[in-house]
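J.: Before anything else, here's the structure in question.
The values are calculated or read from the model by the stated rules, or taken from the named source; none is laboratory data. A quick note: this is a predicted structure, and the numbers were derived from the prediction, not measured. We place every Cβ from the backbone using ideal geometry, glycine too, and count neighbours over all the protein chains shown. Heavy atoms of the whole protein, side chains included, go into the accessibility calculation; ligands, DNA and RNA do not. Shrake-Rupley method; radii C 1.70, N 1.55, O 1.52, S 1.80 Å.
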Amino acid sequence: MLKLVLFLLQGPVTFMNASRVAEFTFVGLSRSRPIQILLSVLIMLCYAATLLGNVLIILTVYIDPHLLKSPMYFFLANLSIIDTALGSVVIPKVAVDLINCDRTISYAGCMSQIFFLHFLGGSEMLLLTLMAYDRYAAICHPLTYTTTMNHPRCIRLLCFCWAGGLLHSSSQVFLVLRLPFCGPNEVDNFFCDVPQIVKLACVDIRVTEILIVANSGLLSLVCFVILLISYAIILSTLQGHFKESGGKALYTCSSHLTVVSLIFVPCLFVYLVPLFSTSVDKLASIFYTIITPLLNPIIYTLRNRDMREAMSQIKKKYIFPIVVPQKKI
């Protein structure tokens, strides 16, 4: 895998000798020094909370055997792993750039950001779709659920999500590597992403932008439509049973729908119509690179009773154990 990434990063030399841009410069979030310092502090606080929240979910699920055996929480722990890695791709460099007033990134660093951003983002979209299927199987087919979503099959499905993210990311990086960059190098964003980078190429990019829409845009749209259909079926199944066992299931699905909306809606703005560059794109980018990895653990922990109870038990058992004094003989 490492050799493949290094090979892709050396693509400009191998594939396109016309690429003469050694680094890119970000427009950034602000040119005001006080605002830059404030944003840096806020972003680092968000990053610290993201790491703390997601690591807490991962440890809770893997320590509690009851949660680990549940496909829903097994997938949730893997979603937290992706969110932790996804936040680490962009946030640390943005915070350092705001402090140092250095908004540049090397060509190889830019390609690395694109690769890992789309690898993790594509895997997360497929994982959220898988989580919707898991809820559909649990609610609509409860008698066969344990057989359908057994642990070995969950692992295979999870591997499929990671493989799909790798395929998606590799195709995106390939689209960029084949383009020559020989002129402007100012990226209208605070990190490297395909829609902004391809606009700096020295050739006609209409075909490339169509391929971007066919790749990232349609991936986001198709997954989003499948998710909406899945939850529509679930809601229709639960209709009339909200006061019984359907209440907990509805509560869980509402958490999933909240996360789905926070991830997919901004991505649809950015990738479905890459031909138009608007201020909405930068706001959407902030959402799915900084805000969403932070909100996911908050949504899943504060709105989930099982997670709260498991965390409370772990806190009592491992962090603040009750010491019973021994009787003196």
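J.: The conditions are (1) modelled with pLDDT under 90; (2) part of a helix (DSSP H, G or I); (3) charged (D, E, K, R), and Arg156 fails exactly one of them. Which is it?
T.: (1)
J.: A further question follows. Give the residue, chosen from Cys140, Cys182, that is in contact (Cβ under 8 Å) with a residue 12 or more places away in the chain, open to solvent by 10 Å² or more (accessible area, probe 1.4 Å) and either over 26 Å from Cys223 (Cβ atoms) or among the hydroxyl-bearing types (Ser, Thr, Tyr) (or both).
T.: Residue meeting the stated conditions: Cys182.
J.: Just to be sure before I move on: is Ala132 open to solvent by less than 10 Å² (accessible area, probe 1.4 Å) and at pLDDT below 90 in the structure I sent?
T.: Details: open to solvent by less than 10 Å² (accessible area, probe 1.4 Å): yes; at pLDDT below 90: yes.
Criteria met by Ala132.
J.: OK, next. Spot the failing condition for Ala201; the list is (1) within 27 Å of Ile286 (Cβ to Cβ); (2) in a helix (DSSP H, G or I), and only one is missed.
T.: (2)
J.: With the structure loaded, tell me whether Phe116 is open to solvent by 40 Å² or more (accessible area, probe 1.4 Å), farther than 23 Å from Met72 by Cα, touching a helix residue (DSSP H, G or I) at 6+ places or on another chain (Cβ under 6 Å) and not basic (Lys, Arg) or whether it fails that test.
T.: Details: open to solvent by 40 Å² or more (accessible area, probe 1.4 Å): yes; farther than 23 Å from Met72 by Cα: yes; touching a helix residue (DSSP H, G or I) at 6+ places or on another chain (Cβ under 6 Å): yes; not basic (Lys, Arg): yes.
Spelling it out, Phe116 is indeed open to solvent by 40 Å² or more (accessible area, probe 1.4 Å), farther than 23 Å from Met72 by Cα, touching a helix residue (DSSP H, G or I) at 6+ places or on another chain (Cβ under 6 Å) and not basic (Lys, Arg).
J.: On to the next question. So, in region 1-56, how many residues would count as being of a type outside the set (A, V, I, L, M), outside any helix (DSSP H, G or I) and either on the phi > 0 side of the Ramachandran plot or modelled with pLDDT under 85 (or both)?
T.: Filtering region 1-56 for residues of a type outside the set (A, V, I, L, M) gives 3, 7, 10-12, 14-15, 17, 19-20, 23-26, 28, 30-34, 36, 40, 46-47, 50, 53-54.
Then drop every residue that is not outside any helix (DSSP H, G or I), which leaves 10, 17, 19-20, 23-26, 28, 30-32.
Those still in the list that are either on the phi > 0 side of the Ramachandran plot or modelled with pLDDT under 85 (or both) too: 10, 17, 19-20, 28, 30-32.
Of the residues in region 1-56, 8 are of a type outside the set (A, V, I, L, M), outside any helix (DSSP H, G or I) and either on the phi > 0 side of the Ramachandran plot or modelled with pLDDT under 85 (or both).
J.: Does region 304-317 include one or more residues that are part of a helix (DSSP H, G or I) and at pLDDT below 70?
T.: No: region 304-317 contains no residue that is part of a helix (DSSP H, G or I) and at pLDDT below 70.
J.: Now for a separate question. Restricting attention to region 53-87, which residues are open to solvent by 10 Å² or more (accessible area, probe 1.4 Å) and without any contact (Cβ under 8 Å) to a residue 40 or more places away in the chain?
T.: Val55, Ile58, Tyr62, Pro65, Leu68, Ser70, Ile81, Ala85
J.: A further question on this structure: Report every pair of residues separated by at least 6 positions or lying on different chains whose Cβ atoms are under 9 Å apart, first residue within region 208-225 and among the charged types (D, E, K, R), second in a helix (DSSP H, G or I).
T.: Final answer for the pair search is Glu209/Pro195; Glu209/Val198.
J.: Taking only pairs six or more apart or across chains, which ones have beta-carbon atoms under 7 Å, a first residue in region 264-280 that is modelled with pLDDT of 75 or more, and a second residue that is of a type in the set (D, E, K, R)?
T.: Close Cβ pairs (under 7 Å, with a partner that is of a type in the set (D, E, K, R)) amount to Phe269/Asp281; Val270/Asp281.
J.: Modelled with pLDDT of 90 or more, buried (at least 20 other Cβ atoms within 10 Å of the Cβ) and among the aliphatic types (A, V, I, L, M): which single residue out of Val173, Val194 fits that description?
T.: Val173
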